[in-house]
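Here's the structure, in structure tokens; my notes come after.
Nothing in this text is a laboratory measurement; each read-out follows from the coordinates by a stated rule. Being a predicted model, the structure only gives us computed values, none of them experimental. Cβ placement follows ideal geometry from the backbone for every residue including glycine, while neighbour counts extend to all protein chains displayed.
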């Protein structure tokens, strides 16, 4: 299968580490090609090729100053890359909320007993540089339900009760065993593959790795970790 052209969009363009280095360098101030060559230790034709790709997707601007061509990062074009990460934040935050509601509705414990501590779901950007645009599972919530009930609610929420951030139903299928698929079945052998179960240890761990709902050259890893905590008095 032919590889998608690197100039097709900004996400593909920044998948190349050298281009991310160039963007970080140009974010400080505009630079001529010669300075970029000296910084990266690459041949000028290679740097020029990277700059051409970044220009074609609009991530850098260029202006002529006499005989020199000066390049600088286009902040307006980079902003959508950061905004894109917020899409993931909203989705996983919503998933956690739905899992908590489902587990507590199924359990309905009395006197606050069997409270579970649940980590996972919220995905946030951990840096402001292009090369640091990673997503991390960081949020912790408390569920008034036993571990087994919470874990069952997790599998249900990621499966038939999955929904988008606006509560629009988006049922999925999850095969809850190592190597099992997490995917959307549209029928007639059509659908979307989201990930594979990397690890599962009932009722305390579910780890999924894969592209999730991205169509770009990236790999994500989501870990849901459950632990028992003492009930609040």
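At-a-glance table
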item: Contact order relative to length of region 10-73, as percent, for alpha carbon pairs under 8 angstrom and 6 or more apart; result: 41 percent
item: Tensor-based shape of region 153-233 (alpha-carbon gyration tensor, a/c under 1.5 rounded, otherwise prolate or oblate); result: prolate
item: Extension gain (nm, one decimal) between residue 72 and residue 177, 0.36 nm per residue minus Cα-Cα; result: 32.9 nm
item: Estimated FRET transfer efficiency (residue 163, residue 193; beta-carbon r; R0 22 Å; 0.05); result: 0.70
item: Which of 142, 50 has the fewest Cβ neighbours within 10 Å, and the rest in rising order; result: 142, 50
item: Estimated FRET transfer efficiency (residue 40, residue 64; beta-carbon r; R0 22 Å; 0.05); result: 0.50
item: Set of region 164-202 residues, backbone N closer than 14 Å to the point 7 Å along the Cα-Cβ line of residue 101; result: 164-170
item: Full-extension gain in nm, residue 93 to residue 139, via 0.36 nm per residue minus C-alpha separation; result: 15.7 nm
item: Relative contact order (%) - region 140-190, alpha-carbon pairs under 8 angstrom, separation at least six; result: 20 percent
item: Percent of Cα-Cα distances greater than 14 Å, calculated over region 10-73; result: 50 percent
